[in-house]
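One structure below.
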Amino acid sequence: MAVEGLEQARKLMADARKLCVLTGAGISAESGVPTFRGPEGLWRTFRPEELATPEAFARDPRLVWEWYEWRRGVIRGCRPNAGHEALARLALSGGKEVRILTQNVDGLHEEAARAVAGGRDPSPALPLELHGSIFRVRCTRCPYRSTHREPLDTSSTDLLPRCPRCRSLLRPDVVWFGEPLDDEVLQEAYDLARHADLCLVVGTSALVHPAASLPLATVRGGGAILEVNTTETPLTPLAAVSLRGNAAVWLPLLQGGET
Ligand code: OAD
């Protein structure tokens, strides 16, 4: 994208008083987290839509846990990149109202928020996690939920993690295909998107709803979309500006400074 696109994008950013940022797997690509729909997103021969479902878990919980354990292992070795850090700095700068909404379950926005905040309160840069967290588990039967970062043994069904309260199987605390998002989270996300002057959409294929509909709520509310993605998406024709390329490169440039 030409520098002209960057100048327009910077103006959109500078003029926005309320900014809603929607991120997807592309923002973590530079950190080494595989995207879902890129060629490296495949695990063995499975597509995410075949494994990230309640039906797949009911049929073969060991296989589903094995896939998640692979992703958890990859993500444990990943650190936030310049894109996560730029967003955290923006949210913590206090110049405008900024809220980060993420479809990612990798925890890298939170890690960037804490690193950039240093000793300060990181909460303005903590994301609203639309699809949950890969480092939390929840019970398939009772309301039990907990953080769980340690590696799991997925070599046999008998060894899969069980609820300390009711002994039912635990599952990753993420939203699967065919499952609704948490009501409160979705309501908050729509409120933020609707009232934003600008929705900055970063590294998402914009194919999975309702997350992909959030930028449309901004447009309906009179705001604009600024997109950062390596490729075109269904949102590109609706974007005021679409910057083509790596989020880890573009996001630090959006707040001014050197081109
Ligand atoms: P996808 O894998 O569908 O899309 C990643 C997007 O990031 C694509 O549009 C890429 O072009 C773009 N991209 C890749 N590398 C990039 C980079 N370095 N900089 C900028 N853009 C880059 O991931 P999501 O859109 O996040 O849901 O997928 C949405 C949901 O589908 C996920 O949250 C997950 C998935 O299955 C569930 O698990 C429910």
Original post:
Within the chain, which is the longest segment containing none of the GluC sites (Glu not before Pro) that sit in a DSSP loop and have at most 16 other Cβ atoms within 10 Å?
Top reply: 1-231
Subject >> In the stretch 1-91, trypsin sites (Lys or Arg not before Pro) in a DSSP loop with at most 14 other beta-carbon atoms within 10 Å >> reply: R17, R44
Subject >> Virtual spin-label span in nm between Q187 and S155, 7 Å along Cα→Cβ >> reply: 4.7
Subject >> Table column - 3J(HN,Hα) (Hz), the stretch 146-161, Karplus curve with 6.51, -1.76, 1.60, x for Gly and Pro >> reply: 7, 6, 8, 9, 5, x, 10, 8, 10, 6, 8, 4, 4, 8, 5, x
Subject >> Calculated Rg and Dmax of the stretch 140-259 using C-alpha coordinates, Å >> reply: 19.5, 57
**OP:** Whole Å is fine, so just give me how far the alpha carbon centre of the stretch 192-259 lies from that of the stretch 7-72.
**Re:** 16
Original post:
Can you sort L181, L254 by how many other beta carbons sit within 10 Å, fewest first?
Top reply: L181, L254
**OP:** With a/c under 1.5 counting as rounded, go ahead and sort the stretch 193-259 into rounded, prolate or oblate using the C-alpha gyration tensor (a ≥ b ≥ c being the square roots of the eigenvalues; past the cut-off, prolate if a/b is larger than b/c, else oblate).
**Re:** oblate
**OP:** Starting from the Cα of R44, step 7 Å along the direction of its Cβ; do the same at R167; then give the gap between the two resulting points in nm.
**Re:** 2.9
Subject >> Mean separation of Cα contacts under 8 Å (6+ apart) over length of the chain, as relative contact order % >> reply: 25
Original post:
Out of residues 5 or more away from S242 or on other chains, whose amide H comes under 5 Å of its own, with H placed 1.01 Å from N in the peptide plane?
Top reply: E227
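So for F36, F46, fewest C-beta neighbours within 10 Å to most, what's the order?
F46, F36
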Original post:
Per the Kirkwood formula on distinct C-alpha pairs, the Rh of the chain is how many angstrom?
Top reply: 19.0
Original post:
What are the ³J(HN,Hα) values, in whole Hz, obtained from phi via the Karplus relation 6.51 cos²θ - 1.76 cosθ + 1.60 with θ = phi - 60°, for each residue of the stretch 31-37 in sequence order, with x given for Gly and Pro?
Top reply: 7, x, 7, x, 6, 7, 9
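The numbers here are math on the coordinates, done by the rules we state, and not lab data. Computed from a predicted structure; not experimentally measured. Cβ atoms come from the backbone with ideal geometry, glycine included; neighbour counts cover every protein chain shown.
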